[in-house]
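Chemist: Following this message is one structure expressed as structure tokens.
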Amino acid sequence: MDGATKDRDSRSPTDVYLKVKRWSAIFWIVCFVYLLGGVDQTSIKDFKFLGLKISDDNLVPFLVFFVSIYMLYNLIFCWGVQNSVVKNDPFIKADFTAHYVVSLGVVVLCAFKLISSTTNLVDDLTRFISKLIDISDGFISASVIAQLIYLALALSTLLFSVAGVRKIFLLRVQLRNSEERILFDELVSGSWRFYFSPQRTKEASKIVKFSPDGTFAKGGNDNETTWSIQNGILEIMNREGKVFSRFKRDGEAFTHTNDEDTLSLRDQFIEKLEKQ
């Protein structure tokens with residue numbers, strides 16, 4: 001793989017992430033048709049997968065709900081393993097955010113569909129419980145039992161949804177922290193050439209070494225005094241604690257983000273000294 005191909009690949013999402021997005025979009029279309037009543041639920045009984053066949057219509061909302069959770073999990077997991085260049089691209093990030101919001105909305109709609117489609121199940125449970133409990137004295141009725149069952153199902157579905165989404169959020173944070181740890185270890189592992197002007201010459205550069213304590217073991221001055229990693233972005237602060245420059249991962253090097261709030265010259269560049 002040549003340098004140009006590797007650089008292009010580092011700026012684009014992985015094929016797995018793009019496939020997950022496509023399958024998610026297909027699933028949304030199917031879900032919306034199903035949720036809007038465009039699919040006869042009884043016809044799904046004719047569907048077979050790996051020789052298995054759905055025998056009970058009431059199972060369909062459960063299956064759709066769990067698949068929606070799984071699709072959301074896949075989308076977030078595949079996004080979490082993208083490199084920082086991809087994650088900080090404004091268009092790719094906006095695209096992921098839109099897909100994430102729609103996926104989360106589908107999960108919520110499927111949860112409501114699951115709750116509203118449990119009428120037959122509640123009726124069966126009500127009859128079963130009524131046989132076990134003597135309700136002839138009037139203290140409890142079949143309708144009360146049905147309402148209690150509805151409430152239990154609603155709370156169970158809500159708790160499961162919250163727990164599942166929370167787990168996905170925690171996984172996303174864990175992946176981000178893991179990526180930042182890898183970036184941290186790489187920065188402190190050796191020396192780097194810091195081009196402090198758009199001209200990438202030795203005269204317009206210096207050798208820097210990042211210390212694990214957030215300072216510079218070599219190359220530090222009033223402009224480059226401390227450093228940190230924020231959301232996958234390398235930030236360098238001056239002696240006053242203000243963000244002097246900000247860099248994003250670009251393959252095996254770092255390029256200046258050229259953000260308006262930074263105080264340094266634009267188009268700065270950092271690369272590993274061993275690459276010289």
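The values are calculated or read from the model by the stated rules, or taken from the named source; none is laboratory data. These numbers come from a predicted model, not from an experiment. Virtual Cβ from ideal backbone geometry, glycine too; neighbours counted across all protein chains shown. Surface accessibility is based on the protein's heavy atoms, side chains included, excluding ligands, DNA and RNA. Shrake-Rupley method; radii C 1.70, N 1.55, O 1.52, S 1.80 Å.
Chemist: Kindly indicate whether Asn238 is over 20 Å from Asp89 (Cα atoms) and touching a strand residue (DSSP E or B) at 6+ places or on another chain (Cβ under 7 Å). Don't jump to the end; show me each part of the working.
Modeler: Details: over 20 Å from Asp89 (Cα atoms): yes; touching a strand residue (DSSP E or B) at 6+ places or on another chain (Cβ under 7 Å): yes.
The answer is yes for Asn238.
Chemist: What number of residues within the stretch 228-256 are of a type in the set (Phe, Trp, Tyr) and either under 24 Å from Gly80 (Cβ atoms) or in contact with a Pro (Cβ under 6 Å, 6 or more places away or on another chain) (or both)? Walk me through it before giving the result.
Modeler: Taking the stretch 228-256 as the starting set, the residues that turn out to be of a type in the set (Phe, Trp, Tyr) are 244, 247, 254.
From what's left, either under 24 Å from Gly80 (Cβ atoms) or in contact with a Pro (Cβ under 6 Å, 6 or more places away or on another chain) (or both): 247, 254.
Of the residues in the stretch 228-256, 2 are of a type in the set (Phe, Trp, Tyr) and either under 24 Å from Gly80 (Cβ atoms) or in contact with a Pro (Cβ under 6 Å, 6 or more places away or on another chain) (or both).
Chemist: Evaluate the stretch 29-42: report whether one residue or more is open to solvent by 60 Å² or more (accessible area, probe 1.4 Å) and at pLDDT 85 or above.
Modeler: Checked against the condition, which is being open to solvent by 60 Å² or more (accessible area, probe 1.4 Å) and at pLDDT 85 or above, the stretch 29-42 yields at least one hit.
Chemist: Show me the helices (runs of 4 or more DSSP H) entirely contained within the stretch 51-154 in which 2 or more residues are open to solvent by less than 40 Å² (accessible area, probe 1.4 Å) and at pLDDT below 75. So that I can check it myself, show each step before the final result.
Modeler: Working: elements: 59-80, 84-87, 90-116, 119-132.
Hits in the stretch 51-154: 84-87, 119-132.
Chemist: Another question, if that's okay. Filter the stretch 189-225 down to the residues that are aliphatic (A, V, I, L, M) and free of Cβ contacts under 8 Å to residues at least 60 places away in the same chain, then identify the one that is farthest from Phe269 (Cα to Cα). Quick ask: steps written out before the conclusion?
Modeler: Our first condition is that a residue be aliphatic (A, V, I, L, M); within the stretch 189-225, this holds for 204, 207-208, 217.
Imposing the further condition that a residue be free of Cβ contacts under 8 Å to residues at least 60 places away in the same chain reduces the set to 204, 217.
Numbers: Ala204: 11, Ala217: 19 Å.
Restricting to residues being aliphatic (A, V, I, L, M) and free of Cβ contacts under 8 Å to residues at least 60 places away in the same chain, the top hit is Ala217.
Chemist: Another question, then. Counting only residues that are at pLDDT 90 or above and outside any strand (DSSP E or B), which one in the stretch 223-232 is surrounded by the most Cβ atoms within 10 Å (Cβ to Cβ)?
Modeler: Among those that are at pLDDT 90 or above and outside any strand (DSSP E or B), it is Glu224.
Chemist: Any chance the stretch 190-210 includes a residue that's among the charged types (D, E, K, R), within 18 Å of Asn83 (Cβ to Cβ) and buried (at least 16 other Cβ atoms within 10 Å of the Cβ)?
Modeler: Within the stretch 190-210, the subset among the charged types (D, E, K, R) is 193, 200, 202-203, 206, 209.
So of that shortlist, the ones also within 18 Å of Asn83 (Cβ to Cβ) come out as none.
No, there is no match, as no residue in the stretch 190-210 is among the charged types (D, E, K, R), within 18 Å of Asn83 (Cβ to Cβ) and buried (at least 16 other Cβ atoms within 10 Å of the Cβ).
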